[in-house]
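Scroll down for the structure; my scribbles are underneath it.
The values are calculated or read from the model by the stated rules, or taken from the named source; none is laboratory data. From a predicted model like this one, the values you see are computed outputs, not experimental measurements. Cβ placement follows ideal geometry from the backbone for every residue including glycine, while neighbour counts extend to all protein chains displayed.
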Amino acid sequence: MSAARQTREFIENLKASKLFTYDDIPMENKSAVAIELSRLYKQGIIKKVSKGKFYKPKKSIFGELEPSFDEKIKSYMDKDSYETGINAYKRLGLTTQVANSVTIATNRPYKKVKVKDITILFVPKRVDAPKKESNLLVILDALKDIKKIPDSSPDDVIIAIKKIIAKLEKDKQLKLINYARAYSPRVVALIGAIFTEIGLKDEVLELKQMLNPLTKFRLNLKDSVLRYKKEWEIS
């Protein structure tokens, strides 16, 4: 069967509005696939979301339906990547702001892309944690970005994150401590101070040994917000 025919059959059998890429079409000759997809795109049989990402439009009484925004975003995420950044921090209750961009932490090399009026940014993933534990990494990312979260002061962020961490199950708390090792010394210090406050001082002793005792972390936090901040050289 020719590449053109096989590509057309793939699209004919594809669910409408489902995103696909060259790699989804089971043919080794990707150059031939690309040529046929270009032809189908010009004919209006398929539509393009961004470079290399297509869908078969779904007809309705309201016109052609595109893939949902969430599906478009997910198409840029592999099984190990996760969403982070302002919108992820909003879901944690750390800010009320909504960003006009989406940030994805991933191990894959990506440049930023534009999907309509939304920019998708890619940042390196610091820890190879399972997808189900990405919420722990978002907590650490928020501590990393503690000075950059809009509509929230560092005090606000710490107060909210302390509550989130206190509600985690013990095994998740221990994983959070372990994952913190891959982050900056400031994040390590903040995790150490938070866990000391919630009664897990022994569990963060090894984090303390990772830090240079001469390094100071200036965040202008109130003493009442983080009681053990001085013990971790945080101001």
**Study point:** Which listed residue is touching a strand residue (DSSP E or B) at 6+ places or on another chain (Cβ under 8 Å) and more than 22 Å from Val188 (Cα to Cα), from Val123, Val102
**Key:** Val102
Practice item. Quickly run through segment 44-56 and pick out the residues that are touching a residue at least 24 places away in the same chain (Cβ under 8 Å) and either part of a strand (DSSP E or B) or not aliphatic (A, V, I, L, M) (or both). Key: Val49, Ser50, Lys51, Gly52, Lys53, Phe54, Tyr55, Lys56
Practice item. Inspect segment 57-77 for any residue being modelled with pLDDT of 90 or more, outside any loop (DSSP other than H, G, I, E, B) and exposed (fewer than 14 other Cβ atoms within 10 Å of the Cβ) and give the result as yes or no. Key: no
Check your understanding: Just one of Ala189, Ala182, Ala166 is at pLDDT 95 or above, surrounded by 19 or more Cβ atoms within 10 Å (Cβ to Cβ) and either at negative phi or among the acidic types (Asp, Glu) (or both); which is it?
Key -> Ala189
Review point. Among the strands (runs of 3 or more DSSP E) confined wholly to segment 78-139, which include 2 or more residues that are within 17 Å of Tyr183 (Cα to Cα), touching a Ser or Thr at 6+ places or on another chain (Cβ under 7 Å) and in contact (Cβ under 8 Å) with a residue 12 or more places away in the chain?
Key: 82-84, 101-106
Point to revise | Among residues of segment 107-121, those that are surrounded by 13 or more Cβ atoms within 10 Å (Cβ to Cβ) and closer than 12 Å to Ile73 by Cβ, counted | key: 6
